[in-house]
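Scroll down for the structure; my scribbles are underneath it.
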Amino acid sequence: MIFEKLVNHYFNVINEFVYINEQTNVETIAMIPGSFKPPHKGHYAMIEHFSNISDRVIVVISDPQSEKSIRRTPSGKKITSNEAREMLEIYTKGLANVELVTTSQPVKWVYDFMAEDTTPGQKVLLGVSGKGEDANRYLRAKKYAPEGVDIEASVFTDSDLNVSASTIRQVLDSPTLGEIDQFLPNHLSKQDKEQVLQILSQLEEDYSSSSPWVLPD
């Protein structure tokens with residue numbers, strides 16, 4: 001009887017140890033889809049937050065294919081996924097666990113990743129901002145992931161997210177460092193900021209229309 005109790009206690013201790021070890025070693029993957037046209041300090045604050053609490057962060061940049069979905073400056077200069085990615089590479093070069101992906105359908109890419117590239121025991125954080133109803137797009141996310149994958153829509157709120165990309169686009173026809181500096185992440189060096197300015201100063205003109213473009217919010 002005593003021996004049996006000792007054996008049961010031993011196995012309980014072992015099982016508890018295994019459980020704690022498994023919980024400690026859970027890989028957390030954060031996914032942040034968005035437009036990022038252009039990326040600003042609010043976007044970086046969100047990426048940095050998830051970098052601090054996750055093993056791996058995947059930033060999914062939209063590459064819209066329809067003309068009306070392309071973000072433009074007031075004169076019609078296009079801000080593409082190429083510029084967004086180049087700027088995010090500058091912003092995140094100090095975050096070793098951040099990856100950048102470009103796709104025409106960011107939310108679909110996230111769902112496909114959950115279905116095809118996750119394994120039981122992993123945790124997936126779907127990064128959304130506190131603005132609007134962003135979390136609603138992931139209401140059905142769990143059904144796409146394999147059983148045993150923990151899915152959570154993780155809302156991030158920060159005052160820097162109050163920055164509007166459409167407001168920034170208003171000054172990008174002839175940008176200066178003084179105009180864009182207030183929108184850039186605080187950790188950037190002067191050289192980093194000058195690289196960002198160079199990217200934004202080389203936006204391509206869109207000659208398909210001579211009329212001003214209405215900027216989407």
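Brief remarks follow.
- On inspection, V149 fails the criterion of being under 24 Å from S81 (Cβ atoms), surrounded by 16 or more Cβ atoms within 10 Å (Cβ to Cβ) and not basic (K, R).
- Condition check for K41: surrounded by 18 or more Cβ atoms within 10 Å (Cβ to Cβ), of a type in the set (K, R), more than 19 Å from V149 (Cβ to Cβ) and touching a Pro at 6+ places or on another chain (Cβ under 7 Å): yes
- Here N15, N25 are screened, and the one residue that is farther than 30 Å from R72 by Cβ, exposed (fewer than 10 other Cβ atoms within 10 Å of the Cβ) and modelled with pLDDT under 95 is N25.
- Residues that are part of a loop (DSSP other than H, G, I, E, B), in contact with a strand residue (DSSP E or B) (Cβ under 9 Å, 6 or more places away or on another chain) and over 12 Å from L125 (Cβ atoms), drawn from region 138-168: L139, A145, T157, D158
- Test: L184 is at pLDDT 95 or above, of a type in the set (A, V, I, L, M) and either surrounded by fewer than 17 Cβ atoms within 10 Å (Cβ to Cβ) or over 11 Å from H40 (Cβ atoms) (or both): no
- Among the residues of region 93-110, those that are among the β-branched types (V, I, T) and either crowded, with 19+ Cβ neighbours inside 10 Å or not in a strand (DSSP E or B) (or both) comprise V98, V107, V110.
- The one condition in (1) within 24 Å of A135 (Cα to Cα); (2) of a type in the set (A, V, I, L, M); (3) touching a residue at least 60 places away in the same chain (Cβ under 8 Å) that M87 fails to fulfil: (1)
- Hey, E99 in contact with a Leu (Cβ under 9 Å, 6 or more places away or on another chain) and modelled with pLDDT of 95 or more or not: no
- Filtered residue count, region 44-84, keeping only those that are under 18 Å from S154 (Cα atoms) and without any contact (Cβ under 8 Å) to a residue 24 or more places away in the chain: 1
- Boolean, V196 is of a type in the set (A, V, I, L, M, F, W, C) and at pLDDT below 95: no
The values are calculated or read from the model by the stated rules, or taken from the named source; none is laboratory data. Everything numeric in this text was worked out from a predicted model, so none of it was measured. Neighbour counts run over all protein chains shown; Cβ positions are idealised from the backbone, glycine included.
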